[in-house]
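Notes for the one structure printed next.
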């Protein structure tokens, strides 16, 4: 949940922009990454809040579908699910109840949330560079992208976003302006089956 709140804030605050011309290293990283229509995996998320010794930890699984959106299912410590599409953000609780958190008709900028989240999780540098200055470095067989907000509005929410990976994004770290830090580690990435299962597709309805 924390992850998506942060990304929602990113998309709604950022607005449009002009992408920087990618340098050769950024282009090489982008070209080396997988671009599946559907990507599944697991996550472990830790949020370190100022004033608290131990981080808040959660874990679960996710589905990223390029033409549909993101299903973010938290299994521990409290089961819940967030489904994000271009039209709405829907939360579901353990008891089966659901609630629409936000709809595009209420907040037109919501349509950019899907794109921002997909860009972060798939390493779409071109999409991210419209809102962030991107610095790329190679680390062994992998890479690291450091994203710094371009606008003062974004800088009030975030200091930096850092992505690390290889064919996939494996690690995302969000440092907020307050100093709070959220880290998400992705694992068990799978590109098959290449289409949504019937149950997954229903959850986007």
Original post:
Taking the stretch 85-99 as the region of interest, how many residues are under 13 Å from residue 205 (Cβ atoms) and part of a strand (DSSP E or B)?
Top reply: 4
Original post:
Looking at residue 112, is it modelled with pLDDT under 75, surrounded by 14 or more Cβ atoms within 10 Å (Cβ to Cβ) and out of contact with any helix residue (DSSP H, G or I) (no Cβ under 9 Å at 6 or more places or on another chain)?
Top reply: no
**OP:** Could you grab the pairs with beta carbons closer than 6 Å, sequence gap of 6+ or different chains, first residue in the stretch 179-205 and at positive phi and exposed (fewer than 15 other Cβ atoms within 10 Å of the Cβ), second one outside any helix (DSSP H, G or I) and at pLDDT 90 or above?
**Re:** 188/41; 188/42
Subject >> Test: residue 44 is within 29 Å of residue 179 (Cα to Cα), in a helix (DSSP H, G or I) and touching a residue at least 12 places away in the same chain (Cβ under 8 Å) >> reply: no
Original post:
Name the pairs whose Cβ atoms lie under 8 Å apart, with the first residue in the stretch 52-68 and on the phi > 0 side of the Ramachandran plot and surrounded by 11 or more Cβ atoms within 10 Å (Cβ to Cβ), the second assigned to a loop (DSSP other than H, G, I, E, B) and modelled with pLDDT of 90 or more, and 6 or more positions between them or separate chains?
Top reply: none
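Hey, any hits in the stretch 152-166 for a residue that's in a loop (DSSP other than H, G, I, E, B), over 23 Å from residue 47 (Cα atoms), at pLDDT below 85 and touching a helix residue (DSSP H, G or I) at 6+ places or on another chain (Cβ under 8 Å)?
No, there is no match, as no residue in the stretch 152-166 is in a loop (DSSP other than H, G, I, E, B), over 23 Å from residue 47 (Cα atoms), at pLDDT below 85 and touching a helix residue (DSSP H, G or I) at 6+ places or on another chain (Cβ under 8 Å).
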Original post:
Is at least one residue of the stretch 68-75 modelled with pLDDT of 85 or more, closer than 22 Å to residue 162 by Cβ and not in a helix (DSSP H, G or I)?
Top reply: yes
Original post:
Applying the selection to the stretch 35-51, what residues are exposed (fewer than 15 other Cβ atoms within 10 Å of the Cβ) and in contact with a helix residue (DSSP H, G or I) (Cβ under 8 Å, 6 or more places away or on another chain)?
Top reply: 35
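The values are calculated or read from the model by the stated rules, or taken from the named source; none is laboratory data. Remember, it's a predicted structure, so these values are computed and weren't measured experimentally. Cβ: placed from backbone, ideal geometry, glycine included. Neighbour counts: every protein chain shown.
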